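Asker: Below is the structure I would like to discuss, written out as structure tokens.
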Amino acid sequence: TDVHGVIDEVHQLLRHSVDRRIEIITDCQATSPVIMSDPAQLQNALLNLGVNARDAMPDGGTLTFATRNIVLTKQDCLYLPYEIETGQHLEITVTDTGMGMDVSTREKIFEPLFTTKTVGKGTGLGLAAVYGFVKNHKGSIEVNSTSGVGTTFTLLLPSTELQATDEGAGKYEKAIVPGQGHVLVIDDEDEVRAFT
């Protein structure tokens, strides 16, 4: 999966569903932005981070998606909070200039069903899903946040020298049978439903 392509898609989706006072910036500096992943899972993880950032900036602000390539040594891996292998990695950061979080909130954010939002505004599953995605891809995720300043999520995912591919897409196209019916879209975000 070409991470830069997925970030472009997420940028377009968010651009149509966030407050106009929120500026979305992409700073994709990675020269090797390919990881072994399902693009839909990556998109879902980045959308969850983007929606949380939006909610943290009710009065507007800046949301930044950035990438860079890094090489992790054994020493680097010792200081990371999760088991991660040495070698080439893609670092993805998602930064907002929102309300930030205190220490007690930061310690719980990846717990399923934990949410700081009011009833009906969040399920507490978004960041748990992001955490699950990162762990399933043998990666690492860290959060740095200061109340009143903003939050940065840093994802480290093993990168690959393989080329991103659409291989397999044709297999599904051949299996499509024309017909008619209905499509039901379910999402707890009004803006996402309207855009979809």
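We did not get these values from a lab; they are worked out from the coordinates using the rules stated. All figures in this text were calculated on a predicted structure; none of them were measured in a lab. Here the Cβ positions follow ideal geometry from the backbone for every residue, glycine too, while neighbour counts run over all protein chains shown.
Asker: Determine by what factor the alpha-carbon radius of gyration of segment 44-115 differs from 2.2 N^0.38 Å, reporting the quotient.
Answerer: Scaled against compact globular proteins, the figure is 1.32.
Asker: Could you please tell me the mean projected area of the C-alpha convex hull for the chain, averaged over all directions and given in square nanometres to one decimal?
Answerer: Average projection, Cα convex hull of the chain: 12.7 nm².
Asker: Kindly give the semi-axes, whole Å and largest first, of the ellipsoid equivalent to segment 1-105, taking each as the square root of 5 times a Cα gyration tensor eigenvalue. Display every interim value, and only then the final one.
Answerer: Working: eigenvalues 133, 66, 26 Å².
Three semi-axes, in Å: 26, 18, 11.
Asker: How far apart, in nanometres, would the label points at ILE25 and TYR82 be if each is projected 7 angstrom from Cα along the Cα-to-Cβ direction?
Answerer: 2.6 nm
Asker: What does DSSP give for the chain in terms of the percent of beta bridges that are antiparallel, rounded to the nearest 5? Mind dumping the intermediate values first?
Answerer: Values: 27 of 34 bridges.
Antiparallel bridges make up about 80 percent of those DSSP assigns within the chain.
Asker: Another one. Please build a GNM for the chain, connecting alpha carbons under 10 Å apart, and tell me which residue among THR73, THR160, THR146 fluctuates the most.
Answerer: The residue with the greatest mean-square fluctuation here is THR73.
Asker: Using the Karplus curve 6.51 cos²θ - 1.76 cosθ + 1.60 with θ = phi - 60°, work out ³J(HN,Hα) for each residue of segment 9-25 in order, rounded to whole Hz, and write x for Gly and Pro.
Answerer: Listing the rounded values in order: 5, 4, 4, 5, 4, 5, 4, 8, 10, 10, 4, 5, 7, 9, 8, 10, 10 Hz.
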